[in-house]
1. Can you go through 156, 115 and tell me which one is at negative phi, at pLDDT 90 or above and surrounded by 15 or more Cβ atoms within 10 Å (Cβ to Cβ)?
2. Being in contact with a helix residue (DSSP H, G or I) (Cβ under 6 Å, 6 or more places away or on another chain) and under 28 Å from residue 290 (Cα atoms) is the filter here; which residues of region 141-174 pass it?
3. Which residue, of 189, 121, is buried (at least 20 other Cβ atoms within 10 Å of the Cβ), farther than 18 Å from residue 85 by Cα, assigned by TED's automatic domain parsing to the domain that holds residue 46 and touching a strand residue (DSSP E or B) at 6+ places or on another chain (Cβ under 8 Å)?
4. Going by what's in this entry, would residue 297 be described as assigned to a helix (DSSP H, G or I) and farther than 21 Å from residue 182 by Cα?
5. Restrict the check to region 255-272 and report whether at least one residue is over 19 Å from the mean Cα position of the chain (by Cα) and loosely packed, with under 15 Cβ neighbours inside 10 Å.
6. Just one of 230, 196, 212 is exposed (fewer than 15 other Cβ atoms within 10 Å of the Cβ) and either more than 27 Å from residue 28 (Cα to Cα) or touching a residue at least 40 places away in the same chain (Cβ under 8 Å) (or both); which is it?
């Protein structure tokens with residue numbers, strides 16, 4: 001007969017990695033991919049971000065599906081959704097809300113803005129002025145909005161999906177470094193393959209499939225999965241590995257600013273989300289390696305370009321760091 005026959009057997013059972021049911025996550029990924037007919041890795045990155053309670057910045061040229069991808073995620077989860085079309089004349093109150101005077105009660109009432117939704121799409125965020133961009137900072141980092149000295153909590157779950165065009169496009173502004181650091185990942189979609197582009201032309205998913213997309217998960221299920229991410233086990237050797245990667249960027253001769261402790265924390269949380277998506281109850285070194293570029297490239301500043309726009313150089317340097325820092329066995 002099988003069973004546990006002694007202390008060693010019990011200890012081994014407790015320490016054995018637990019598998020996680022990934023069926024709900026697979027349904028979510030397939031639902032998004034039914035509309036966004038492009039880079040499947042981008043879909044996985046987006047799902048990992050929301051599992052890790054993070055926000056994502058999607059940067060690429062116009063017309064490759066950034067808005068479709070964000071909309072598909074929002075429609076796949078039975079939660080509130082709001083879209084903010086960023087323009088140079090957008091005001092901070094257009095994002096957070098405004099106090100309105102009520103004559104009948106002789107008081108001011110706070111009218112909540114679009115940021116009070118579970119999934120917020122900030123479309124072309126770098127077309128808004130830095131002042132308006134900063135209106136999202138408190139919401140993204142603290143989960144609250146302060147108006148008239150009073151804090152208003154945001155709903156749970158809460159995620160900002162921001163899209164932006166490359167900086168060299170006219171009419172765009174740099175995101176402040178402190179806000180850019182609040183995004184868990186910065187990803188690029190790239191152009192679709194010829195086969196995928198053919199499907200896009202024939203099916204026109206943004207006009208038909210997106211409209212008919214139905215939720216496959218509700219807010220409570222998503223929160224439960226986010227809590228499952230927190231329970232993913234990360235060995236101390238992997239924690240040290242993430243710290244060593246961050247430390248190497250802080251002394252790299254080509255970097256002016258390296259990965260901060262917030263970046264190390266984000267890397268660890270993204271690794272846990274990746275492990276959950278693979279159905280594992282524990283992290284492995286590849287979970288960290290696969291997330292270094294999307295999680296950390298926008299958190300470092302190169303010496304050749306004193307801002308975060310030099311993405312290619314940052315990715316090259318981080319790849320060198322990964323090749324030099326020893327991975328745990």
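The values are calculated or read from the model by the stated rules, or taken from the named source; none is laboratory data. As the structure is a prediction and not an experimental result, all values here were calculated from the model. Quick reminder, even Gly has a Cβ in these numbers, built from the backbone with ideal geometry, and neighbours come from all protein chains shown.
1. On inspection, the qualifying residue turns out to be 115.
2. 157, 159, 160, 161, 162, 163, 164
3. Values: 121 fails: farther than 18 Å from residue 85 by Cα.
None of the other options fit; the residue is 189.
4. no
5. Yes.
6. On the way: 196 fails: exposed (fewer than 15 other Cβ atoms within 10 Å of the Cβ); 212 fails: either more than 27 Å from residue 28 (Cα to Cα) or touching a residue at least 40 places away in the same chain (Cβ under 8 Å) (or both).
The match here is 230.
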